[in-house]
1. To the nearest 20 Debye, how big is the dipole of the chain about its Cα centre, given +1 on the beta carbon of each Lys and Arg and -1 on that of each Asp and Glu?
2. Between 0 and 90 degrees, rounded to the nearest ten: what's the tilt of helix 108-121 against the longest Cα principal axis of the chain?
3. To test your reading of the geometry: what angle, between 0 and 90 degrees and rounded to tens, separates the Cα axis of helix 310-320 from the longest principal axis of the chain?
4. Counting only heavy atoms of the protein chains, get the accessible area per residue of the chain (1.4 Å probe) and round it to a whole Å² value.
5. Relative to the compact-globule scaling 2.2 N^0.38 Å, provide the ratio for the alpha-carbon radius of gyration of the range 104-194.
6. Summing +1 for each Lys or Arg and -1 for each Asp or Glu, what net charge is found among the other residues whose Cβ lies under 12 Å from the Cβ of Tyr389?
7. Please work out the Kirkwood hydrodynamic radius for the chain, using every pair of different C-alpha atoms, and report it in angstroms with one decimal place.
8. Using alpha carbons only, how many degrees (0 to 90, rounded to 10) separate the axis of helix 384-397 from the longest principal axis of the chain?
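The values are calculated or read from the model by the stated rules, or taken from the named source; none is laboratory data. All values derive from a computational prediction rather than experimental measurement. Every residue, glycine as well, gets a Cβ built from its backbone with ideal geometry; the counts of neighbours run over all protein chains shown. These area figures cover heavy atoms from the full protein model, side chains too; ligands, DNA and RNA do not enter into them. Shrake-Rupley method; radii C 1.70, N 1.55, O 1.52, S 1.80 Å.
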Amino acid sequence: MPVSVLLGLQWGDEGKGKVVDVLGDRVDVVARFQGGPNAGHTIIIGGQKYVLHQIPSGIFRPGVRNIIGNGVVINPAVLLQEIRGLEAKGVDVRSHLYISTRCHLILPSHVHLDKLSEQRKGQAKIGSTLRGIGPTYRDKYGREGLRMGDVLTPRFAEKLDTLQTAHYEYLHALGYAADRAADTQAFLEALEALKAYTITDTEVLLHKALAQQQHILAEGAQGTLLDVEFGAYPFVTSSNTTAGGACTGLGIPPSAITQVYGVFKAYCTRVGSGPFPTELDNAQGEAIRQAGGEFGATTGRPRRTGWLDLPALKYACSLNGVTHLVMTKADVLAGMDHVEVCVGYELNGRVQDYPPFDSEGALKPVYRSFPGWPGFGPDDALPVSFRQYLDFIEAELGQAITFVSMGPDRKEMVQLVA
Ligand code: GDP
Ligand code: IMO
Ligand code: MG
(Lines give C-alpha, C1' and ligand atoms only; values in the text may rest on other atoms or scores of the structure.)
(Ligands and ions follow the chains in the order given, each with its own letter.)
Protein backbone atom coordinates (compact mmCIF):
# COMPACT_ATOMS: atom_id res chain seq x y z
CA MET A 1 0.00 0.00 0.00
CA PRO A 2 1.09 3.47 -0.68
CA VAL A 3 2.47 6.42 1.18
CA SER A 4 0.45 9.56 0.53
CA VAL A 5 2.18 12.82 1.30
CA LEU A 6 0.00 15.81 2.17
CA LEU A 7 1.56 19.25 2.24
CA GLY A 8 0.85 22.95 1.81
CA LEU A 9 1.47 24.60 -1.57
CA GLN A 10 1.59 28.19 -0.31
CA TRP A 11 2.96 29.88 2.85
CA GLY A 12 1.32 27.56 5.39
CA ASP A 13 -2.14 27.55 6.99
CA GLU A 14 -3.75 26.17 3.83
CA GLY A 15 -6.03 23.94 5.92
CA LYS A 16 -3.72 20.89 5.99
CA GLY A 17 -4.97 19.79 9.43
CA LYS A 18 -8.57 19.73 8.30
CA VAL A 19 -7.79 17.76 5.15
CA VAL A 20 -5.61 15.21 7.03
CA ASP A 21 -8.49 14.71 9.45
CA VAL A 22 -10.93 14.13 6.56
CA LEU A 23 -8.58 11.67 4.81
CA GLY A 24 -7.80 10.06 8.17
CA ASP A 25 -10.67 7.62 7.85
CA ARG A 26 -8.95 6.05 4.81
CA VAL A 27 -5.50 5.44 6.32
CA ASP A 28 -3.75 3.35 8.99
CA VAL A 29 -0.98 5.74 10.00
CA VAL A 30 -0.58 9.53 10.02
CA ALA A 31 3.03 10.72 10.38
CA ARG A 32 4.32 14.31 10.75
CA PHE A 33 7.66 14.67 8.99
CA GLN A 34 9.11 18.13 9.73
CA GLY A 35 8.65 21.40 11.58
CA GLY A 36 7.57 21.59 15.19
CA PRO A 37 5.39 23.77 17.38
CA ASN A 38 5.61 26.59 14.83
CA ALA A 39 2.74 24.71 13.15
CA GLY A 40 -0.89 25.21 14.11
CA HIS A 41 -3.26 22.76 12.46
CA THR A 42 -6.93 23.41 13.14
CA ILE A 43 -9.58 20.71 13.13
CA ILE A 44 -13.25 21.35 13.78
CA ILE A 45 -15.47 18.39 14.57
CA GLY A 46 -19.12 19.10 15.29
CA GLY A 47 -18.43 22.61 16.56
CA GLN A 48 -15.51 21.57 18.80
CA LYS A 49 -12.24 23.24 17.76
CA TYR A 50 -8.81 21.67 18.27
CA VAL A 51 -5.46 23.23 17.34
CA LEU A 52 -2.57 20.78 17.00
CA HIS A 53 1.05 21.93 17.04
CA GLN A 54 3.14 18.76 17.21
CA ILE A 55 0.62 15.92 17.36
CA PRO A 56 -0.40 14.58 13.92
CA SER A 57 -3.90 15.41 12.70
CA GLY A 58 -4.99 11.77 12.59
CA ILE A 59 -5.34 11.69 16.39
CA PHE A 60 -9.14 11.99 16.25
CA ARG A 61 -9.55 8.92 14.06
CA PRO A 62 -9.92 5.76 16.13
CA GLY A 63 -7.49 3.03 15.13
CA VAL A 64 -5.08 5.37 13.35
CA ARG A 65 -1.49 5.30 14.63
CA ASN A 66 0.01 8.80 14.86
CA ILE A 67 3.75 9.23 14.48
CA ILE A 68 5.92 12.22 15.28
CA GLY A 69 8.70 11.47 12.82
CA ASN A 70 12.44 12.01 13.16
CA GLY A 71 12.35 15.18 11.06
CA VAL A 72 10.17 16.98 13.62
CA VAL A 73 11.69 19.11 16.39
CA ILE A 74 9.94 18.72 19.74
CA ASN A 75 9.40 21.10 22.61
CA PRO A 76 8.65 18.70 25.49
CA ALA A 77 6.66 21.18 27.60
CA VAL A 78 4.53 22.23 24.64
CA LEU A 79 3.97 18.61 23.60
CA LEU A 80 2.97 17.63 27.11
CA GLN A 81 0.51 20.51 27.33
CA GLU A 82 -0.94 19.51 23.99
CA ILE A 83 -1.32 15.88 25.05
CA ARG A 84 -2.96 16.85 28.35
CA GLY A 85 -5.35 19.22 26.56
CA LEU A 86 -6.51 16.42 24.27
CA GLU A 87 -6.75 13.91 27.10
CA ALA A 88 -8.91 16.34 29.06
CA LYS A 89 -11.30 16.28 26.11
CA GLY A 90 -11.41 12.49 26.15
CA VAL A 91 -8.98 11.76 23.30
CA ASP A 92 -6.93 8.57 23.84
CA VAL A 93 -3.46 9.88 23.01
CA ARG A 94 -1.42 7.32 24.93
CA SER A 95 -2.28 4.29 22.85
CA HIS A 96 -2.13 6.08 19.48
CA LEU A 97 0.96 8.30 19.65
CA TYR A 98 4.52 7.24 18.72
CA ILE A 99 7.43 9.66 19.14
CA SER A 100 10.67 9.09 17.23
CA THR A 101 13.85 8.58 19.25
CA ARG A 102 15.55 10.70 16.57
CA CYS A 103 13.44 13.87 17.00
CA HIS A 104 15.64 16.75 18.03
CA LEU A 105 14.71 18.53 21.24
CA ILE A 106 13.90 22.23 21.44
CA LEU A 107 15.55 23.43 24.65
CA PRO A 108 14.28 26.52 26.48
CA SER A 109 17.56 28.14 25.43
CA HIS A 110 16.72 27.54 21.74
CA VAL A 111 13.57 29.62 22.27
CA HIS A 112 15.65 32.39 23.86
CA LEU A 113 18.13 32.24 20.99
CA ASP A 114 15.27 32.56 18.48
CA LYS A 115 13.98 35.65 20.28
CA LEU A 116 17.44 37.19 20.55
CA SER A 117 18.12 36.56 16.87
CA GLU A 118 14.90 38.29 15.82
CA GLN A 119 15.52 41.23 18.19
CA ARG A 120 18.96 41.77 16.72
CA LYS A 121 17.63 41.70 13.16
CA GLY A 122 15.21 44.58 13.88
CA GLN A 123 13.36 45.58 10.70
CA ALA A 124 14.98 42.69 8.83
CA LYS A 125 13.41 40.08 11.12
CA ILE A 126 11.97 36.92 9.60
CA GLY A 127 8.79 37.08 11.62
CA SER A 128 9.52 33.72 13.25
CA THR A 129 6.89 32.16 15.48
CA LEU A 130 9.61 32.36 18.18
CA ARG A 131 9.25 28.67 19.00
CA GLY A 132 13.00 27.96 18.78
CA ILE A 133 12.77 26.21 15.42
CA GLY A 134 15.76 27.83 13.64
CA PRO A 135 18.26 27.42 16.53
CA THR A 136 17.21 23.78 17.07
CA TYR A 137 17.71 22.82 13.42
CA ARG A 138 20.98 24.77 13.46
CA ASP A 139 22.25 22.59 16.32
CA LYS A 140 20.92 19.48 14.57
CA TYR A 141 22.88 20.17 11.40
CA GLY A 142 25.84 21.47 13.42
CA ARG A 143 25.83 18.03 15.10
CA GLU A 144 25.43 19.44 18.57
CA GLY A 145 21.73 18.77 19.19
CA LEU A 146 19.99 16.50 21.67
CA ARG A 147 17.47 13.90 20.60
CA MET A 148 14.43 12.37 22.22
CA GLY A 149 16.21 8.99 22.51
CA ASP A 150 19.10 10.61 24.40
CA VAL A 151 16.72 11.14 27.31
CA LEU A 152 16.70 7.39 27.88
CA THR A 153 20.52 7.08 27.98
CA PRO A 154 22.92 7.57 30.93
CA ARG A 155 24.92 10.40 29.33
CA PHE A 156 21.90 12.66 28.81
CA ALA A 157 22.59 14.99 31.77
CA GLU A 158 26.18 15.53 30.61
CA LYS A 159 25.17 16.25 27.00
CA LEU A 160 22.45 18.65 28.15
CA ASP A 161 24.90 20.48 30.38
CA THR A 162 27.42 20.93 27.55
CA LEU A 163 24.85 22.32 25.12
CA GLN A 164 23.17 24.54 27.69
CA THR A 165 26.47 25.99 28.86
CA ALA A 166 27.28 27.07 25.31
CA HIS A 167 23.80 28.60 24.85
CA TYR A 168 23.60 30.50 28.15
CA GLU A 169 27.16 31.82 27.87
CA TYR A 170 26.26 33.29 24.48
CA LEU A 171 22.90 34.65 25.68
CA HIS A 172 24.41 36.29 28.76
CA ALA A 173 27.34 37.70 26.80
CA LEU A 174 24.84 39.53 24.62
CA GLY A 175 22.92 40.84 27.63
CA TYR A 176 19.91 38.52 27.27
CA ALA A 177 18.46 37.64 30.69
CA ALA A 178 17.58 33.95 31.03
CA ASP A 179 17.20 31.81 34.14
CA ARG A 180 18.99 28.57 33.37
CA ALA A 181 17.98 26.78 36.58
CA ALA A 182 14.26 27.47 36.21
CA ASP A 183 14.36 26.62 32.48
CA THR A 184 16.13 23.33 33.17
CA GLN A 185 13.71 22.26 35.87
CA ALA A 186 10.64 22.81 33.68
CA PHE A 187 12.33 21.08 30.73
CA LEU A 188 13.32 18.00 32.73
CA GLU A 189 9.88 17.71 34.35
CA ALA A 190 8.19 17.69 30.97
CA LEU A 191 10.65 15.10 29.61
CA GLU A 192 10.05 12.87 32.62
CA ALA A 193 6.28 13.00 32.04
CA LEU A 194 6.73 12.21 28.33
CA LYS A 195 8.49 8.94 29.23
CA ALA A 196 5.00 7.55 29.88
CA TYR A 197 4.35 7.76 26.12
CA THR A 198 5.82 5.58 23.38
CA ILE A 199 9.28 6.76 22.33
CA THR A 200 10.53 4.40 19.65
CA ASP A 201 12.44 4.01 16.38
CA THR A 202 9.49 5.12 14.28
CA GLU A 203 11.28 4.52 10.97
CA VAL A 204 11.23 0.78 11.76
CA LEU A 205 7.57 0.97 12.72
CA LEU A 206 6.89 2.60 9.34
CA HIS A 207 8.92 -0.04 7.48
CA LYS A 208 6.78 -2.73 9.10
CA ALA A 209 3.61 -0.86 8.22
CA LEU A 210 4.81 -0.66 4.60
CA ALA A 211 5.59 -4.38 4.57
CA GLN A 212 2.07 -5.04 5.81
CA GLN A 213 0.62 -2.97 2.97
CA GLN A 214 -0.74 -0.36 5.37
CA HIS A 215 -1.63 3.11 4.10
CA ILE A 216 0.57 5.86 5.53
CA LEU A 217 -0.35 9.53 5.28
CA ALA A 218 2.68 11.79 5.72
CA GLU A 219 1.56 15.16 7.10
CA GLY A 220 3.58 18.24 6.24
CA ALA A 221 3.74 21.46 8.20
CA GLN A 222 4.24 25.02 6.95
CA GLY A 223 4.10 25.28 3.15
CA THR A 224 6.19 24.90 0.01
CA LEU A 225 6.96 28.63 -0.23
CA LEU A 226 8.51 28.47 3.27
CA ASP A 227 10.86 25.60 2.30
CA VAL A 228 14.46 26.33 3.32
CA GLU A 229 15.67 25.53 -0.21
CA PHE A 230 12.92 26.94 -2.43
CA GLY A 231 11.21 29.66 -0.39
CA ALA A 232 12.32 33.29 -0.56
CA TYR A 233 15.38 32.77 1.65
CA PRO A 234 15.92 33.93 4.40
CA PHE A 235 12.15 34.43 4.84
CA VAL A 236 11.59 30.71 5.22
CA THR A 237 11.42 28.10 7.95
CA SER A 238 14.39 25.83 8.71
CA SER A 239 13.16 22.54 7.23
CA ASN A 240 12.21 20.92 3.94
CA THR A 241 8.47 21.42 3.72
CA THR A 242 8.44 19.87 0.24
CA ALA A 243 7.73 16.22 -0.65
CA GLY A 244 11.37 15.11 -0.31
CA GLY A 245 11.16 16.09 3.36
CA ALA A 246 8.76 13.19 3.91
CA CYS A 247 11.50 10.70 3.00
CA THR A 248 14.22 12.17 5.19
CA GLY A 249 11.80 13.17 7.95
CA LEU A 250 10.29 9.69 8.30
CA GLY A 251 12.93 7.30 6.94
CA ILE A 252 10.82 6.04 4.06
CA PRO A 253 12.07 5.53 0.49
CA PRO A 254 10.92 7.80 -2.38
CA SER A 255 9.67 4.72 -4.22
CA ALA A 256 7.04 4.17 -1.49
CA ILE A 257 5.33 7.48 -2.26
CA THR A 258 2.48 7.03 -4.69
CA GLN A 259 0.34 10.11 -4.03
CA VAL A 260 1.08 13.72 -3.18
CA TYR A 261 -1.84 15.84 -1.98
CA GLY A 262 -1.17 19.55 -2.42
CA VAL A 263 -3.42 21.81 -0.38
CA PHE A 264 -3.97 25.46 -1.36
CA LYS A 265 -6.40 28.21 -0.47
CA ALA A 266 -8.61 29.86 -3.11
CA TYR A 267 -6.48 32.95 -2.34
CA CYS A 268 -3.17 33.46 -0.49
CA THR A 269 -2.08 34.28 3.04
CA ARG A 270 1.27 34.71 4.70
CA VAL A 271 2.33 35.35 8.32
CA GLY A 272 5.70 36.89 9.02
CA SER A 273 7.95 38.91 6.74
CA GLY A 274 9.08 38.30 3.19
CA PRO A 275 7.94 38.77 -0.40
CA PHE A 276 4.22 38.38 -1.16
CA PRO A 277 3.63 39.54 -4.76
CA THR A 278 -0.18 39.46 -4.71
CA GLU A 279 -0.60 40.99 -1.25
CA LEU A 280 -3.67 43.19 -0.79
CA ASP A 281 -2.62 45.77 1.75
CA ASN A 282 -6.02 47.47 1.52
CA ALA A 283 -9.75 47.16 2.32
CA GLN A 284 -10.11 44.16 0.01
CA GLY A 285 -7.32 42.38 1.88
CA GLU A 286 -8.95 43.24 5.20
CA ALA A 287 -12.30 41.89 3.92
CA ILE A 288 -10.64 38.55 3.07
CA ARG A 289 -8.87 38.49 6.46
CA GLN A 290 -12.17 38.97 8.30
CA ALA A 291 -14.18 36.57 6.10
CA GLY A 292 -11.50 33.89 6.36
CA GLY A 293 -10.70 34.41 10.05
CA GLU A 294 -7.09 34.87 8.96
CA PHE A 295 -5.36 35.10 12.31
CA GLY A 296 -2.50 32.73 13.19
CA ALA A 297 -3.47 29.44 14.87
CA THR A 298 -0.15 29.48 16.79
CA THR A 299 0.61 33.14 17.45
CA GLY A 300 -2.73 34.88 16.82
CA ARG A 301 -0.98 37.31 14.46
CA PRO A 302 -3.13 38.76 11.63
CA ARG A 303 -2.23 36.96 8.42
CA ARG A 304 -1.36 39.01 5.35
CA THR A 305 -3.85 38.29 2.55
CA GLY A 306 -3.81 38.48 -1.25
CA TRP A 307 -5.11 36.98 -4.50
CA LEU A 308 -4.22 33.50 -5.72
CA ASP A 309 -0.71 33.39 -7.19
CA LEU A 310 -0.66 30.88 -10.07
CA PRO A 311 3.04 31.11 -11.01
CA ALA A 312 3.93 30.31 -7.39
CA LEU A 313 1.33 27.51 -7.28
CA LYS A 314 2.67 25.94 -10.49
CA TYR A 315 6.19 26.10 -9.12
CA ALA A 316 4.98 24.41 -5.91
CA CYS A 317 3.25 21.64 -7.88
CA SER A 318 6.44 21.00 -9.86
CA LEU A 319 8.63 20.89 -6.75
CA ASN A 320 6.36 18.35 -5.08
CA GLY A 321 5.04 16.26 -7.98
CA VAL A 322 1.49 16.88 -6.82
CA THR A 323 -0.93 14.15 -7.91
CA HIS A 324 -4.05 15.45 -6.08
CA LEU A 325 -5.00 19.10 -5.65
CA VAL A 326 -7.14 20.25 -2.75
CA MET A 327 -8.60 23.76 -2.76
CA THR A 328 -9.74 25.12 0.61
CA LYS A 329 -11.65 28.18 1.76
CA ALA A 330 -13.72 28.54 -1.41
CA ASP A 331 -16.49 29.95 0.84
CA VAL A 332 -14.34 32.89 1.93
CA LEU A 333 -14.45 34.53 -1.52
CA ALA A 334 -18.19 33.79 -1.93
CA GLY A 335 -20.31 36.90 -2.33
CA MET A 336 -17.47 39.01 -3.73
CA ASP A 337 -18.20 40.99 -6.87
CA HIS A 338 -15.08 39.70 -8.60
CA VAL A 339 -11.90 37.80 -7.77
CA GLU A 340 -8.49 38.09 -9.36
CA VAL A 341 -5.75 35.60 -10.10
CA CYS A 342 -2.11 36.39 -10.75
CA VAL A 343 -1.03 34.72 -14.01
CA GLY A 344 2.54 36.05 -14.26
CA TYR A 345 4.96 38.63 -12.91
CA GLU A 346 6.50 41.62 -14.65
CA LEU A 347 10.11 41.94 -13.59
CA ASN A 348 12.40 44.54 -15.15
CA GLY A 349 10.18 44.82 -18.23
CA ARG A 350 9.98 41.05 -18.76
CA VAL A 351 7.26 38.56 -17.82
CA GLN A 352 8.45 35.79 -15.52
CA ASP A 353 6.34 32.70 -14.85
CA TYR A 354 7.86 31.45 -11.59
CA PRO A 355 8.99 33.14 -8.35
CA PRO A 356 12.32 34.90 -8.96
CA PHE A 357 15.46 34.29 -6.91
CA ASP A 358 15.40 37.88 -5.71
CA SER A 359 12.56 40.26 -6.50
CA GLU A 360 13.67 43.25 -4.35
CA GLY A 361 10.12 44.61 -4.53
CA ALA A 362 10.35 45.24 -8.30
CA LEU A 363 7.88 42.48 -9.12
CA LYS A 364 4.50 43.47 -10.58
CA PRO A 365 1.78 40.82 -10.74
CA VAL A 366 -0.25 40.46 -13.94
CA TYR A 367 -3.89 39.70 -13.08
CA ARG A 368 -6.87 38.08 -14.70
CA SER A 369 -10.32 38.91 -13.30
CA PHE A 370 -13.21 36.47 -12.71
CA PRO A 371 -16.81 37.01 -11.60
CA GLY A 372 -17.50 36.12 -7.96
CA TRP A 373 -19.74 33.23 -6.90
CA PRO A 374 -22.55 32.68 -4.41
CA GLY A 375 -22.10 30.60 -1.26
CA PHE A 376 -22.62 26.83 -1.51
CA GLY A 377 -22.56 23.79 0.72
CA PRO A 378 -21.21 20.25 0.33
CA ASP A 379 -24.56 18.97 -0.97
CA ASP A 380 -25.06 21.75 -3.55
CA ALA A 381 -24.02 21.78 -7.19
CA LEU A 382 -20.96 23.99 -7.74
CA PRO A 383 -22.01 27.52 -8.79
CA VAL A 384 -21.26 28.09 -12.51
CA SER A 385 -18.95 31.04 -11.87
CA PHE A 386 -16.99 29.04 -9.28
CA ARG A 387 -16.66 26.18 -11.76
CA GLN A 388 -15.21 28.70 -14.26
CA TYR A 389 -12.63 29.72 -11.64
CA LEU A 390 -11.72 26.06 -11.09
CA ASP A 391 -11.58 25.35 -14.84
CA PHE A 392 -9.10 28.16 -15.36
CA ILE A 393 -6.86 27.05 -12.49
CA GLU A 394 -6.98 23.42 -13.65
CA ALA A 395 -6.06 24.43 -17.21
CA GLU A 396 -3.14 26.55 -15.98
CA LEU A 397 -1.85 23.82 -13.64
CA GLY A 398 -2.55 21.06 -16.14
CA GLN A 399 -4.39 18.89 -13.64
CA ALA A 400 -7.78 18.45 -12.00
CA ILE A 401 -8.71 19.66 -8.53
CA THR A 402 -9.75 16.57 -6.55
CA PHE A 403 -11.29 18.12 -3.42
CA VAL A 404 -12.89 21.47 -2.65
CA SER A 405 -13.41 22.59 0.95
CA MET A 406 -16.05 25.24 1.64
CA GLY A 407 -16.05 25.52 5.42
CA PRO A 408 -13.91 24.58 8.42
CA ASP A 409 -15.89 21.55 9.58
CA ARG A 410 -14.90 17.99 8.75
CA LYS A 411 -18.14 17.64 6.78
CA GLU A 412 -17.58 20.71 4.59
CA MET A 413 -15.55 19.19 1.77
CA VAL A 414 -16.49 17.53 -1.53
CA GLN A 415 -14.60 15.14 -3.76
CA LEU A 416 -14.95 16.23 -7.40
CA VAL A 417 -12.98 13.46 -9.10
CA ALA A 418 -11.92 9.98 -8.00
P1 GDP B 1 -3.02 24.44 8.57
O2 GDP B 1 -1.89 25.01 9.34
O3 GDP B 1 -2.69 24.25 7.12
O4 GDP B 1 -3.56 23.17 9.17
O5 GDP B 1 -4.18 25.52 8.61
P6 GDP B 1 -4.65 26.39 9.89
O7 GDP B 1 -5.43 25.53 10.80
O8 GDP B 1 -3.52 27.15 10.46
O9 GDP B 1 -5.55 27.47 9.18
C10 GDP B 1 -6.65 27.13 8.42
C11 GDP B 1 -7.89 27.81 9.01
O12 GDP B 1 -8.94 27.75 8.08
C13 GDP B 1 -8.39 27.13 10.26
O14 GDP B 1 -9.02 28.09 11.07
C15 GDP B 1 -9.43 26.15 9.71
O16 GDP B 1 -10.43 25.83 10.68
C17 GDP B 1 -10.01 26.95 8.58
N18 GDP B 1 -10.50 26.21 7.42
C19 GDP B 1 -10.02 25.08 6.84
N20 GDP B 1 -10.69 24.82 5.69
C21 GDP B 1 -11.61 25.81 5.56
C22 GDP B 1 -12.58 26.13 4.57
O23 GDP B 1 -12.74 25.47 3.55
N24 GDP B 1 -13.32 27.26 4.78
C25 GDP B 1 -13.17 28.06 5.87
N26 GDP B 1 -13.93 29.14 5.99
N27 GDP B 1 -12.26 27.79 6.81
C28 GDP B 1 -11.48 26.69 6.65
P1 IMO C 1 1.43 25.58 9.63
O2 IMO C 1 1.94 24.17 9.73
C3 IMO C 1 2.28 29.71 8.55
C4 IMO C 1 6.36 31.13 9.21
C5 IMO C 1 6.57 32.21 10.25
C6 IMO C 1 7.77 32.91 9.67
C7 IMO C 1 8.58 31.78 9.07
C8 IMO C 1 9.68 31.25 9.98
O9 IMO C 1 0.41 25.92 10.64
O10 IMO C 1 1.02 25.88 8.23
P11 IMO C 1 9.74 29.79 12.21
O12 IMO C 1 8.92 29.88 13.46
O13 IMO C 1 9.59 28.51 11.47
O14 IMO C 1 11.17 30.17 12.42
O15 IMO C 1 9.13 30.94 11.25
O16 IMO C 1 7.66 30.73 8.81
N17 IMO C 1 5.66 29.93 9.69
C18 IMO C 1 4.39 29.62 9.38
N19 IMO C 1 3.47 30.31 8.69
N20 IMO C 1 1.98 28.48 9.01
C21 IMO C 1 2.91 27.76 9.68
O22 IMO C 1 2.72 26.47 10.02
C23 IMO C 1 4.16 28.34 9.94
N24 IMO C 1 5.28 27.95 10.58
C25 IMO C 1 6.19 28.91 10.41
O26 IMO C 1 5.44 33.03 10.37
O27 IMO C 1 7.37 33.74 8.61
MG1 MG D 1 -1.49 26.64 10.58
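1. Computed about the Cα centre, the dipole is about 540 debye.
2. 50 degrees
3. Relative to the chain, helix 310-320 is tipped by roughly 50 degrees.
4. Accessible area per residue: 41 Å².
5. 1.09
6. Summing Lys and Arg as +1 and Asp and Glu as -1 gives -2.
7. 22.0 Å
8. For 384-397 against the chain, the angle is about 60 degrees.
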